[in-house]
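Working notes, structure below.
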Amino acid sequence: MEVRLPRFSPAGGNYRNRGARSVTVTVIIPTWHRAEWLERCLRAVQHQTHRPDEVIVVGRTEDVAAAQVAGEAASSASFPVRWCVVARPGHIAPVQAGLAATRTPLVAFLDDDTEPQPGWLQALVAPFADSRVACVGGRVITPGFRGRVHRDAGRVRWYGKHIGNVGALDAPGVVEVDAVMEGNWAWRTEVLRRLRLDPIFEDGDATMYGLDLCLQAKALGGRVVYEPRAQVIHYVAPRDPALDRADLGARTFVYSRNMTYIGLKHFRGLRRVAWLAWWWPVGDSGSRGPVRAVADVLRRDGRPMGLLRLELRGKVEGVHLWRKSAP
């Protein structure tokens, strides 16, 4: 679709538009052996009032069914649909492959088991009219979701706690945040290409890689915003067994490691001190410290005490990885 957008300014204090220009948007859909879900997603994209200029579906060579779905969409859609093959395993590789193939100033990403609602793309790209916006995330409606949604979802509190479930936040309009959900977001292509898709996130399902990218963009002076009108329905589809979210032990270790790494990478000075004082003894519900774990036992709720060892091991591993990566 054609919209008029100013350029992104990397200088945090420079809020002036630098001249409007016509830009276009590519939608990238990484997929993994979920042809039925992919077909529904592509159909919903085709029914958007404001259509993308191109859709790139990224999958594996052996995923013949998904390639066929993409081919059928290419023959019926009013915009180009390309099938892109990636060989490297993991969650990050398809993102990188799709980004490398993108030829438009804006790029949006969709999980293949989502169904964009009417008006999704129009709402998702509209905030880019602000020259400071680097990334826009939309609402993710998950049937049966029962999680708690805080008013400051998507923000990182002063002591370093990241508040999740931003995709479930029912806000009246665009909200300034620190991070948004990766399965329904859009970026300025040139900004995303300047960021580092850290190899640490290659392990597992790339837990929290979106938070890392968003914090990188904010460090360059860009804004990250949440647009609740850019809605998708997220259905729970089968996953690669290697990325099984039902494996609580593996998820706990990876989350603890990645969040420790992100905190050390992005927090400085007194904020790092405050974060360390909270993260190690207390922590959040996904990676507790000893104080929180004991409190869970006393309340007879929360996670099993036996997971504490994996939580602490993950945190220690995050420190080691940060030290290796530090210049």
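Please treat every number below as a calculation from the coordinates, not as lab data. As the structure is a computational prediction, the values presented were derived from the model and not from experiment. A quick note on method: Cβ atoms are made from the backbone with ideal geometry, for glycine too, and the neighbour counts reach across all protein chains shown.
Contour minus end-to-end for T142 and V291, with contour as 0.36 nm per residue of separation and end-to-end as the Cα-Cα distance?
Additional length available on full extension: 50.4 nm.
If a/c stays under 1.5 just call it rounded; otherwise compare a/b with b/c (prolate if a/b is bigger, oblate if not). Do that for segment 142-274, with a ≥ b ≥ c from the square roots of the Cα gyration tensor eigenvalues.
rounded
Return the sequence-ordered ³J(HN,Hα) values of segment 157-174 in whole Hz as given by the Karplus equation 6.51 cos²θ - 1.76 cosθ + 1.60 applied to θ = phi - 60°, using x for Gly and Pro.
5, 4, 9, x, 7, 8, 9, x, 6, 5, x, 9, 6, 9, 9, x, x, 5
Are there chymotrypsin sites (Phe, Trp or Tyr not before Pro) in segment 245-327 that DSSP marks as loop and that have at most 11 other Cβ atoms within 10 Å, and which are they?
Those that pass, being in a loop and sparsely packed, number zero.
Would you mind computing, in nm to one decimal, how far apart the modelled labels at V149 and V64 are, each placed 7 Å from Cα along Cα→Cβ?
Going by the 7 Å Cα→Cβ label model, 4.3 nm.
Could you pull out the longest piece of the chain with no exposed loop trypsin sites (Lys or Arg not before Pro) in it, calling a site exposed if DSSP puts it outside H, G, I, E, B and it has at most 13 other Cβ atoms within 10 Å?
That would be 19-102.
Would you mind checking the tilt of helix 64-76 against the longest principal axis of the Cα atoms of the chain, expressed as 0 to 90 degrees and rounded to 10?
The angle comes out at about 40 degrees.
Tally the DSSP beta bridges in segment 3-241 and give the antiparallel ones as a percent, rounded to 5.
Close to 45 percent.
Please work out how much length the chain gains when fully extended from V319 to R157, using 0.36 nm per residue of separation minus the C-alpha to C-alpha distance, in nm with one decimal.
Full extension from V319 to R157 adds 56.2 nm.
Can you list the HN-Hα couplings for segment 87-95, worked out from phi with the Karplus curve (6.51, -1.76, 1.60; θ = phi - 60°), rounded to whole Hz and with x for Gly and Pro?
Once θ is set to phi - 60°, the couplings for segment 87-95 become 9, 5, x, x, 8, 6, 4, x, 5 Hz.
Roughly what angle does helix 248-266 make with the longest principal axis of the chain, taking Cα atoms, 0 to 90 degrees, to the nearest 10?
For helix 248-266, the angle is close to 90 degrees.
Taking loop as defined by DSSP and a crowding limit of 12 other beta carbons within 10 Å, which chymotrypsin sites (Phe, Trp or Tyr not before Pro) in segment 149-188 fit?
Listed in order of number, the matching sites are W158.
Hey, what do the phi angles of segment 271-282 turn into as Karplus ³J(HN,Hα) couplings, whole Hz, using 6.51/-1.76/1.60 and θ = phi - 60°, x for Gly and Pro?
Calculated HN-Hα couplings, in order: 5, 5, 4, 5, 5, 4, 5, 9, 5, 6, x, 10 Hz.
Loop sites only, by DSSP: take the GluC sites (Glu not before Pro) in the chain that have at most 11 other C-beta atoms within 10 Å and name the longest stretch containing none of them.
Longest run free of exposed loop sites: 63-327.
Compute the long axis of helix 308-325 from its Cα atoms, compare it with the longest principal axis of the Cα atoms of the chain, and write down the angle in degrees, 0 to 90, nearest 10.
For 308-325 against the chain, the angle is about 70 degrees.
Would you mind getting me the FRET efficiency between D247 and L270? Use the beta-carbon distance for r and R0 = 35 Å, nearest 0.05.
E between D247 and L270, to the nearest 0.05, is 0.40.
Can you give the relative contact order of segment 248-325 as a percent, counting alpha carbon pairs under 8 Å and 6+ residues apart?
45
Roughly how many Å is it from the Cα centre of segment 188-216 to that of segment 78-156, as a whole number?
Rounded to whole Å, the Cα centres lie 13 Å apart.
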